[in-house]
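Data first, discussion second: the structure below is written as structure tokens.
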Amino acid sequence: VSGNETGPKGEAGVVAMRIDTSQKKPKLETAWTLKKTLNQPGAPTVSSNGHKDAIVWVIESNKNDGDSGEDGVLHAYDALTGQELYHSNMQAKRDVLKDARKFSCPTVANGRVYVGTEGIVAYGNLREKMAQEGK
């Protein structure tokens, strides 16, 4: 779940939920929360490699209600722990996400993450690309 506000226990930005089935009646509980609030985040997308390597992808639009603001940021979090694995500002010149919007949602397919913005931005494994190019 993503949003701008903090929850009753200080949850912020993204809150991961899990279903506790240890009791007779299953209940929804918090698995982890981010330690920072994201600025106008979109809906999260989860990817995995079968039953392992689950990643939560979320776009921080950084736009105000008038659709102005800084460039957006694509974030990747470990789905089990909430630890940030990547964000597009790590290599801002290479991985820039210009015009992201509040309701932008990343799409994951065939090992790549696609984001609709001023066109389509695609993110993928650079090691794989370099190996294919013989570098």
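I'm checking my understanding of the structure. Among residues of region 32-46 that are of a type outside the set (S, T, N, Q) and not in a loop (DSSP other than H, G, I, E, B), which one is most open to solvent (accessible area, probe 1.4 Å)?
So in region 32-46, the residues of a type outside the set (S, T, N, Q) come out as 32, 34-36, 38, 41-44, 46.
Keeping just the survivors that are not in a loop (DSSP other than H, G, I, E, B) gives 32, 34, 41, 46.
Working: 32: 18, 34: 14, 41: 12, 46: 100 Å².
In this case the residue turns out to be 46.
For a quick check of your reading of the model, give me the residue pairs whose first member lies in region 89-116 and is in a strand (DSSP E or B), whose second is acidic (Asp, Glu) and exposed (fewer than 14 other Cβ atoms within 10 Å of the Cβ), with beta-carbon atoms closer than 8 Å and at least 6 apart or on different chains.
Every condition considered, no pair remains.
Which one is most open to solvent (accessible area, probe 1.4 Å) among residues in region 92-132 that are polar (S, T, N, Q) and either modelled with pLDDT under 85 or in contact with a strand residue (DSSP E or B) (Cβ under 9 Å, 6 or more places away or on another chain) (or both)? Reasoning before the result, please.
Our first condition is that a residue be polar (S, T, N, Q); within region 92-132, this holds for 104, 107, 110, 117, 125, 132.
Adding the requirement that they be either modelled with pLDDT under 85 or in contact with a strand residue (DSSP E or B) (Cβ under 9 Å, 6 or more places away or on another chain) (or both) leaves 104, 107, 117, 125, 132.
On the way: 104: 17, 107: 78, 117: 36, 125: 86, 132: 134 Å².
My answer is 132.
Kindly indicate whether any position in region 72-85 is at pLDDT below 90 and either farther than 19 Å from residue 5 by Cβ or in contact with a Gly (Cβ under 9 Å, 6 or more places away or on another chain) (or both). Walk me through how you get there before you give the answer.
Initially, region 72-85 is screened for residues at pLDDT below 90, giving 72.
Okay, now just the ones that are also either farther than 19 Å from residue 5 by Cβ or in contact with a Gly (Cβ under 9 Å, 6 or more places away or on another chain) (or both), so 72.
Yes: region 72-85 contains one or more residues that are at pLDDT below 90 and either farther than 19 Å from residue 5 by Cβ or in contact with a Gly (Cβ under 9 Å, 6 or more places away or on another chain) (or both).
Just for region 9-31: of the residues that are open to solvent by 90 Å² or more (accessible area, probe 1.4 Å) and under 18 Å from residue 82 (Cβ atoms), which one is modelled with the lowest pLDDT? Even if it seems obvious, please write down each step before you answer.
Our first condition is that a residue be open to solvent by 90 Å² or more (accessible area, probe 1.4 Å); within region 9-31, this holds for 9, 18-19, 21, 23-25, 27-28.
With the extra rule that they be under 18 Å from residue 82 (Cβ atoms), the set shrinks to 9, 18-19, 28.
Working: 9: 71, 18: 89, 19: 91, 28: 91.
If we take residues in region 9-31 being open to solvent by 90 Å² or more (accessible area, probe 1.4 Å) and under 18 Å from residue 82 (Cβ atoms), then 9 is modelled with the lowest pLDDT.
The values are calculated or read from the model by the stated rules, or taken from the named source; none is laboratory data. A quick note: this is a predicted structure, and the numbers were derived from the prediction, not measured. No Cβ is skipped: glycine too gets one built from the backbone with ideal geometry, and neighbour counts run over all protein chains shown. Accessible surface is based on the protein model in full, side chains and every heavy atom, while ligands, DNA and RNA are left aside. Shrake-Rupley method; radii C 1.70, N 1.55, O 1.52, S 1.80 Å.
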